[in-house]
Every structure is written in C-alpha cells, then in structure tokens.
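Inspection log for the structure reproduced underneath, given as structure tokens.
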Ligand SMILES: NC(=O)c1ccc[n+]([C@@H]2O[C@H](COP(=O)([O-])OP(=O)(O)OC[C@H]3O[C@@H](n4cnc5c(N)ncnc54)[C@H](O)[C@@H]3O)[C@@H](O)[C@H]2O)c1
C-alpha cells in the first residue's frame, strides 16, 4: 500500500484516478479548490477510509506543504483545463498551470517526495509539422496560452528532476472522453442540441481532425508508466492510434440522441485561436511499455453521450 497525493481530485480525470488508486488498496490525499471540480464525483471516495480530502487552493503553498506530508508520490492533475478562452484572461493559465505546478514541486521538495506524474497536453505541440507527432519532434511553437503554461510546467518539472533528483512521468494527452466528462466538444454539442435539436452551430468547417482517448484507458497508461517508466524524465503521448473529423463525432452524437439538426458552420479551418486543425499523436513510446487502449474514438464519444444523458445535472454545474 502506498500513499499518494492527487491534485485536481474532484475533476473529470482526477476523480477517476482517485477511484482507481483506492481500488488498488492505496491511500489517497485529494487536493481540490472545486473551481471546476464536482463534490459528487467524490461521493464514493469519501466513503473509503483510505481517502482524505483537502479542500484548498494550490496557490496556497504553506497549506500545500502541510497537505503533502507523508506521501510517496504526487499525481498532479489540477489545472485550468480550458484551452479555448485562454486569451480572455491571460493570467489564469500562468497562475493555475505554471505557478501551481511550481508550488506542487516546492511542496514535494519540502516533504522529500521525489516522484511526480503530470497531466500535460498534446496542445504543447502547437501545430506540429510532423503528424502523427512524436514526443521528440521539432521544438514546438506555442499557439495557446494553455499549451504555453503546460510547456512551462514541463520545463520546471524536468529542472527539478535534474536539480533535486526527482523522477517524473509527463503525459501529453489528446482530448479525453468518458464518464464524468464536463467540458469539451461533446459537452458543448449536447448542450446546444438539448436547447434546440433542430440546428447545431459548429465552430469552423467541421473538418478539423482530432484524436481522443477514453478516460479509463488514460488512467491505465498513467498507472503503468508510474510503475515502469525507466528514466528520470519520461514523456509520454497518450491517445488512440487514429483520429476522426469533428463531423464524424457530430454524426455519432446525433445518432445516439436520435436527432437530425441542420448544421450551421461558422467557417474556416479552425474553431478558435489556438485550435489545431489536425491532432494525432504518435504513441509508440507508451505502447512499448505494454499499454494499448481498449476503446476506440466512436465508443468513447458514445459512452460520453450516454453519461451526459444519465447525468444532466452536470450542465447546471458546468454549463453556460
Ligand atoms: N480533459 C481533457 O481532455 C484533457 C486533455 C489534455 C490534458 N488534460 C489535463 O488533465 C488534467 C485534468 O483535466 P480534467 O479534464 O479532469 O479537468 P477538470 O477541470 O475536470 O479538473 C481540474 C480540477 O482541478 C481543480 N483545480 C483547478 N485549479 C485548482 C487550484 N488552484 N487548486 C486546487 N484545485 C484546483 C478543479 O477544481 C478541478 O477539480 C488537467 O491538468 C488538464 O489540463 C485534460
């Protein structure tokens, strides 16, 4: 049995990871400020004696140092996970993603904790000239404040590995799908279709090519890598071996909901500033450790729609 910190423990991916760690018989200290996290996602965990919730903000370094006492490793999942609205509040990504990551590293250093898993993002590649994009492709030009703040977090983590003997697994995910999904294109389309099933506004031309990964496959990869990764700094892309068009995904969502809306495209080959029209990551490195996703993109989209249909309360919490 080990004792782990999970930051962002009330979020979509963080709360799913908490459940998996508890299922493995581990002790978990969960940290969250509930800015986007949902208390209901922790209902099960809170019944488990191995789980302790620290409702606090990662920007409070003194409190974080106390929360981390006695843990063996940190899974750092907390973030401002919104890519699209980054330019509306440029300071947010810096604070929530870069400075919060610095605080996590400092709290680890104060407590002698040397192992960290970090949820970075495929957005750090900007618009890579190489697709499928490998982890060691050309040094990327950043196209979003979110990607830039995560790349800065990655930089800090590798410097702490070098400077203080930490070991890190850095995961660059494509978009994640599945139960507890509360933000992203399926959420937006579902919400719009619920309001008006006869028409669907779509950002861009719908031909953007994107890759997705089911949340339990993502957690499988994180746990495997934390167990087996050989190097001091280990960077892994996480995604399925393929991609779909936004229009394909819309088709699956509409079919599942039984609606036939008229499409209203805003036009252009991208939806917003920083929207990469073609995301497809090379995942040979994580596959070499023995990981393979169990679910494809279509199954992930359908599972997400089914989850949202059974849990429409999330729209009251997270919808606009
Ligand atoms: N969901 C995706 O498709 C996706 C893709 C790539 C990377 N990621 C990364 O994976 C991680 C988890 O994403 P998610 O989809 O679960 O997002 P989420 O918004 O559901 O979860 C983030 C959690 O962090 C908490 N949090 C935010 N700022 C905090 C702070 N200052 N102090 C304490 N808690 C704070 C929120 O309340 C929330 O519970 C993030 O780092 C995100 O950038 C997600």
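No value in this document is a laboratory result; all are computed from the given coordinates. The structure displayed is predicted, hence computed values, not measured ones. Cβ coordinates were reconstructed from backbone atoms using ideal geometry, including for glycine residues, and neighbour counts include every protein chain displayed.
Annotations
- Two-decimal log10 I(q)/I(0) for segment 1-94, as the Debye equation yields it once each C-alpha is a single scatterer, q = 0.10, 0.15, 0.25 Å⁻¹: -0.26, -0.56, -1.30
- In summary, the convex hull built on the alpha carbon positions of segment 181-309 has an orientation-averaged projected area of 8.5 nm².
- Contour minus Cα-Cα distance for residue 106 and residue 232 (0.36 nm per residue): 43.6 nm
- Isotropic mean projected area of the C-alpha convex hull, segment 135-210 (nm²): 7.8
- Measuring r between the beta carbons of residue 272 and residue 127 and using R0 = 22 Å, the FRET efficiency lands at 0.95.
- Helical contribution to [θ] at 222 nm, DSSP H n ≥ 4, -39,500 (n - 2.57), averaged over the chain, rounded to 500: -11000 deg cm²/dmol
- Most mobile listed residue (164, 51, 280) in the chain, GNM with C-alpha springs under 10 Å: 164
- Here the spin labels are modelled as points 7 Å beyond Cα on the Cα-Cβ line, and at residue 263 and residue 288 they lie 3.9 nm apart.
- nm² value of the averaged projected area, convex hull over the Cα atoms of segment 202-243: 4.3
- Site pair residue 209 and residue 65 shows an inter-label distance of 5.0 nm when each label is modelled 7 Å from Cα along Cα→Cβ.
- Using a cutoff of 8 angstrom between alpha carbon atoms and counting only pairs six or more residues apart, the relative contact order for segment 1-115 works out to 29 percent.
- Whole-angstrom Cα spans of segment 34-147 along principal axes, big to small: 48, 30, 26
- Computed from the C-alpha gyration tensor, the three semi-axes of the ellipsoid equivalent to segment 103-229 are 33, 18, 14 Å, from longest to shortest.
- The alpha-carbon positions of the chain define a convex hull whose volume is 122 Å³ per residue.
- Cβ-Cβ distance of residue 248 and residue 95, R₀ of 30 Å, FRET efficiency by 1/(1 + (r/R0)^6): the value works out to about 0.25.
- Expressed as a fraction of 2.2 N^0.38 Å, the C-alpha radius of gyration for segment 243-309 is 1.40.
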